[in-house]
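Right, one structure below, let's go through it.
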Amino acid sequence: MADRTQPEQVGPEVRRRVRDSFDRQGLMAHLGARISRIASGRVHIELPGRPEAGQQHACFHAGATGDRIEAVGTVLKSGRTLTVRQLEVSGVQGCGERKLVASGQQTLIRMDRAEER
């Protein structure tokens, strides 16, 4: 997933929907995570290095080293109710050197917000 090609651009409505959903996640705000890129079927989230996100050996939890963690989620199959996506998490040094620390595949289910139910 470290594809460096120019991603297909997404429209403003998709960008707004992704950012609004992300902004409703209190844990992401608490950790200081931010969306760094939105592309067609792909979102990049960065978490800067800070003591609150680390463990006793001066690394991020999960053993990631670097100035920040970058998580890249890529949609493999999108549906009305279920979405399957791949996720890779890397520790990134300031110079751009990356070290993969976690990867996975998830099946997500759509849930309407409480006011929409």
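The values are calculated or read from the model by the stated rules, or taken from the named source; none is laboratory data. This structure is a prediction, so every number in the text was calculated from the model and none was measured. Neighbour counts run over all protein chains shown; Cβ positions are idealised from the backbone, glycine included. Ligands, DNA and RNA are excluded from the accessible area calculation, which covers all protein heavy atoms including side chains. Shrake-Rupley method; radii C 1.70, N 1.55, O 1.52, S 1.80 Å.
Points worth noting:
- Accessible surface of VAL75 - all protein chains present, 1.4 Å probe, nearest 10 Å²: 70
- Each residue was assigned an accessible area with a 1.4 Å probe, and for VAL101 the value is about 50 Å².
- Separation of the GLU115 and ARG17 label points, Cα + 7 Å toward Cβ, nm: 1.8
- The angle between the Cα long axis of helix 12-23 and the main principal axis of the chain comes to about 60°, on a 0 to 90 degree scale.
- Summed over the residues of the chain and divided among them, the accessible surface reaches 70 Å² per residue at a probe radius of 1.4 Å.
- Net charge contributed by nearby residues that have their C-beta within less than 15 Å of LEU47 (K/R +1, D/E -1): +1
- Label sites at CYS59 and LYS99, each approximated as a point 7 angstrom past Cα along Cα to Cβ, lie 0.7 nm apart.
- Cβ-derived FRET efficiency at R0 25 Å, GLN86 paired with ALA29, nearest 0.05: 0.50
- Environment charge at ARG80 (Cβ cut-off 14 Å; Lys +1, Arg +1, Asp -1, Glu -1): +1
- Dipole of the chain computed with +1 at Lys/Arg Cβ and -1 at Asp/Glu Cβ about the Cα centre; of THR74, ILE35, VAL89, farthest Cα towards the positive end is THR74.
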